[in-house]
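Undergrad: After the structure tokens below, expect a handful of questions from me.
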Amino acid sequence: MIYLDYQATTPVAPEVAEAMRPWAEEKFANPHSPSRWGAEAAAAVEVARSQVERAIGLDGGSVAFTGSATEALNWALKGTAENAPEGRNRIITVATEHAAVLDTCEWLAGQGFDITILPVATDGLIAIEDLKRELDDSVMLVAAMLVNNEIGVIHSIAEVAALAHGAGALMLCDAVQGLGRVAIPNGPDLVAVSAHKIHGPKAIGALWMRDGAQPAPIIHGGGQERGMRSGTLSPALCVGFGEAAKLATQREQADHDHVEQLWARAMQALGDRWTINGSAERRYHGNLNIRRAGVDTARLVADLRDVAFSLGSACASGSGRPSHVLRAIGLSGREARSSVRLGFGRYTTEAELVDALGRIDAAADAQEKFAA
Ligand code: PLP
């Protein structure tokens, strides 16, 4: 199989699997218990925490582990809303955010909070003027992602955070697709990340919180994460996340150069009937979201069983709904349904990518011939 779905999830790095093994097998102690074994597990969790903090690379805050980035985003939004000062009842976000943000905002709207959703242009980016116009002293939080999961475009997070702060609001950044791929700019007060997008295990994420900007807890119980998030941590998952973060930090340049090479090769191989969705320049180059007029991409996926790629966001796949991101950049339902997302990275070879692009193109040709 040729795996080209790096935005959905990434292959677990061999070093990560190796680091996790003892914690999944013999080292089973509860990291919150006072025994010597518990203390050993707790120490491993703390090493992992600092590895994740180093990969995030921001000063003046710390990380709490969560069960996913979805949980981290729910926590950041709901917990900030709960702490919001009198009169600050509004959250501003962007039309192309992940469902973990948009659906949580919709839920908050049902609880009486005001939600403003900024549109994006055809390049997938917001107009800063729109944000400036919306910001006032009713806003508690601005939520914007660093790298879009469907089309890979990179938002100006530092600028968004500075404007939010200027209006006395906090800024939440979903950096799930950015961590290890694009430097996280200074500015956000809250940052959500996920291990499985950086060659770590699934079902562990983290919320980085600037000191003093911690949201109210949403999961109550034993208070294991310094009173802010309850639930017994899994040392195996934390260690896996930590190792993945360490590798991402060490390999930052090498991974970046490799992705740039793959992108350049893809640009040579891509036939001129394919159009890139979203900005080609302000984009993480490990994401190639393309469309070709008239192609039924659901059929492409079915025809090409040994190439793994996506129709848009993995979460939306199978729902039959055209991607909200592709609609937001102005594509018709038809254009959105003729789009595919190819994601590649550390373990993808140039030969695999070129081979897959050739097969996708040939399958699209076959559809065209059949339709003619
Ligand atoms: N945010 C973005 C941009 C994502 O791509 C994803 C995963 O697809 C998430 C949030 C949710 O992450 P998790 O799978 O850890 O819940």
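The values are calculated or read from the model by the stated rules, or taken from the named source; none is laboratory data. Model, not experiment: these values are computed from the prediction. Note that we place each Cβ from the backbone using ideal geometry, even for glycine, and neighbour counts take in every protein chain shown. These accessible areas exclude ligands, DNA and RNA; they are computed on the full protein's heavy atoms, side chains included. Shrake-Rupley method; radii C 1.70, N 1.55, O 1.52, S 1.80 Å.
Undergrad: Could you please let me know if Gly38 is away from the ligand (no atom under 15 Å from the Cβ) and open to solvent by less than 20 Å² (accessible area, probe 1.4 Å)?
TA: Working: away from the ligand (no atom under 15 Å from the Cβ): yes; open to solvent by less than 20 Å² (accessible area, probe 1.4 Å): yes.
Against the criterion (away from the ligand (no atom under 15 Å from the Cβ) and open to solvent by less than 20 Å² (accessible area, probe 1.4 Å)), Gly38 qualifies.
Undergrad: Taking the condition closer than 22 Å to Thr349 by Cα and basic (Lys, Arg), does Arg283 pass? Full working, then the answer.
TA: Details: closer than 22 Å to Thr349 by Cα: yes; basic (Lys, Arg): yes.
When the stated conditions are applied, Arg283 passes them.
Undergrad: Same structure, new question: Is it the case that segment 185-207 has a residue that's away from the ligand (no atom under 16 Å from the Cβ) and either modelled with pLDDT under 95 or among the hydrophobic types (A, V, I, L, M, F, W, C) (or both)?
TA: Within segment 185-207, none of the residues are away from the ligand (no atom under 16 Å from the Cβ) and either modelled with pLDDT under 95 or among the hydrophobic types (A, V, I, L, M, F, W, C) (or both).
Undergrad: Please specify each residue of segment 75-95 satisfying the condition of being buried (at least 24 other Cβ atoms within 10 Å of the Cβ) and assigned to a helix (DSSP H, G or I). Steps first, please.
TA: Residues of segment 75-95 buried (at least 24 other Cβ atoms within 10 Å of the Cβ): 75-77, 80, 91-92, 94.
Scanning segment 75-95 gives Trp75, Ala76, Leu77, Thr80.
Undergrad: On to the next question. Condition check: among the small types (Gly, Ala, Ser), open to solvent by 30 Å² or more (accessible area, probe 1.4 Å) and at pLDDT 95 or above. Does Ala72 satisfy that? Spell out how you get there, then give the answer.
TA: On the way: among the small types (Gly, Ala, Ser): yes; open to solvent by 30 Å² or more (accessible area, probe 1.4 Å): no; at pLDDT 95 or above: yes.
No.
Undergrad: Still on this model: Here is a list of conditions, (1) open to solvent by 20 Å² or more (accessible area, probe 1.4 Å); (2) within 16 Å of the ligand (Cβ to nearest atom), and Leu326 meets all of them except one; can you say which number that is?
TA: Failing condition for Leu326: (1).
Undergrad: Just checking, how many residues over segment 183-214 are out of contact with any helix residue (DSSP H, G or I) (no Cβ under 9 Å at 6 or more places or on another chain) and not in a strand (DSSP E or B)?
TA: 2
Undergrad: Another question, if that's okay. For segment 1-20: of the residues being among the polar types (S, T, N, Q) and touching a His at 6+ places or on another chain (Cβ under 7 Å), which is most open to solvent (accessible area, probe 1.4 Å)?
TA: Step one: filter segment 1-20 for residues among the polar types (S, T, N, Q), giving 7, 9-10.
Now restrict to residues that are touching a His at 6+ places or on another chain (Cβ under 7 Å): 9-10.
On the way: Thr9: 27, Thr10: 4 Å².
Looking at residues that are among the polar types (S, T, N, Q) and touching a His at 6+ places or on another chain (Cβ under 7 Å), I get Thr9.
Undergrad: Of everything in segment 23-61, what is part of a loop (DSSP other than H, G, I, E, B) and aliphatic (A, V, I, L, M)? Give them in sequence order. Let's see the steps before the verdict.
TA: The first filter runs over segment 23-61 and keeps only residues part of a loop (DSSP other than H, G, I, E, B), leaving 25-35, 57-60.
Hits for segment 23-61 are Ala29, Leu58.
Undergrad: List, please: which pairs have Cβ atoms under 7 Å, are six or more places apart or on different chains, and start with a residue in segment 355-367 that is in a helix (DSSP H, G or I) and end with one that is not aliphatic (A, V, I, L, M)?
TA: Pairs that qualify, where the first residue is in a helix (DSSP H, G or I) and the partner is not aliphatic (A, V, I, L, M), are Asp361/Gly271; Ala363/Asp303; Ala364/Arg292; Gln367/Asp296; Gln367/Arg299.
Undergrad: Within segment 101-109, is there a residue that is over 19 Å from Leu141 (Cα atoms), away from the ligand (no atom under 15 Å from the Cβ), without any contact (Cβ under 8 Å) to a residue 12 or more places away in the chain and not aliphatic (A, V, I, L, M)?
TA: From segment 101-109, those over 19 Å from Leu141 (Cα atoms) are none; that's our starting set.
No; the residues of segment 101-109 include none that is over 19 Å from Leu141 (Cα atoms), away from the ligand (no atom under 15 Å from the Cβ), without any contact (Cβ under 8 Å) to a residue 12 or more places away in the chain and not aliphatic (A, V, I, L, M).
Undergrad: Right, Ile151: among the aliphatic types (A, V, I, L, M), open to solvent by 30 Å² or more (accessible area, probe 1.4 Å) and not in a helix (DSSP H, G or I) or not? Before you say what the answer is, go through the steps one by one.
TA: Working: among the aliphatic types (A, V, I, L, M): yes; open to solvent by 30 Å² or more (accessible area, probe 1.4 Å): no; not in a helix (DSSP H, G or I): yes.
No; evaluated as a whole, the condition is false for this residue.
Undergrad: Are any of the residues in segment 112-122 open to solvent by less than 40 Å² (accessible area, probe 1.4 Å), within 16 Å of the ligand (Cβ to nearest atom) and touching a residue at least 40 places away in the same chain (Cβ under 8 Å)? I'd like the intermediate steps shown before the answer.
TA: We begin by selecting, within segment 112-122, every residue open to solvent by less than 40 Å² (accessible area, probe 1.4 Å); these are 116, 118, 120.
Now drop any that are not within 16 Å of the ligand (Cβ to nearest atom), which leaves 120.
Now restrict to residues that are touching a residue at least 40 places away in the same chain (Cβ under 8 Å): 120.
Checking segment 112-122: at least one residue is open to solvent by less than 40 Å² (accessible area, probe 1.4 Å), within 16 Å of the ligand (Cβ to nearest atom) and touching a residue at least 40 places away in the same chain (Cβ under 8 Å).
Undergrad: Restricting the first residue to segment 301-319 and requiring it to be farther than 22 Å from Asp355 by Cβ and within 14 Å of the ligand (Cβ to nearest atom), which pairs with a second residue that is at pLDDT 60 or above and among the acidic types (Asp, Glu) meet a Cβ separation below 6 Å and a spacing of at least six or different chains?
TA: Here the result reads Gly312/Glu150; Ser313/Glu150, each pair linking segment 301-319 to a residue that is at pLDDT 60 or above and among the acidic types (Asp, Glu).
This table checks each residue for (1) open to solvent by 10 Å² or more (accessible area, probe 1.4 Å); (2) under 23 Å from Val325 (Cβ atoms); (3) among the polar types (S, T, N, Q).
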site: Glu134; (1), (2), (3): yes, yes, no
site: Ile157; (1), (2), (3): no, yes, no
site: Leu172; (1), (2), (3): no, yes, no
site: Pro185; (1), (2), (3): yes, yes, no
site: Trp208; (1), (2), (3): no, no, no
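Undergrad: Name the pairs: first residue in segment 160-177 and farther than 18 Å from Ile115 by Cα, second residue among the small types (Gly, Ala, Ser) and open to solvent by less than 20 Å² (accessible area, probe 1.4 Å), Cβ to Cβ under 6 Å, at least 6 apart or on different chains?
TA: Sorted first by the residue in segment 160-177, then by its partner, the pairs are Val176/Ala69; Val176/Ser194.
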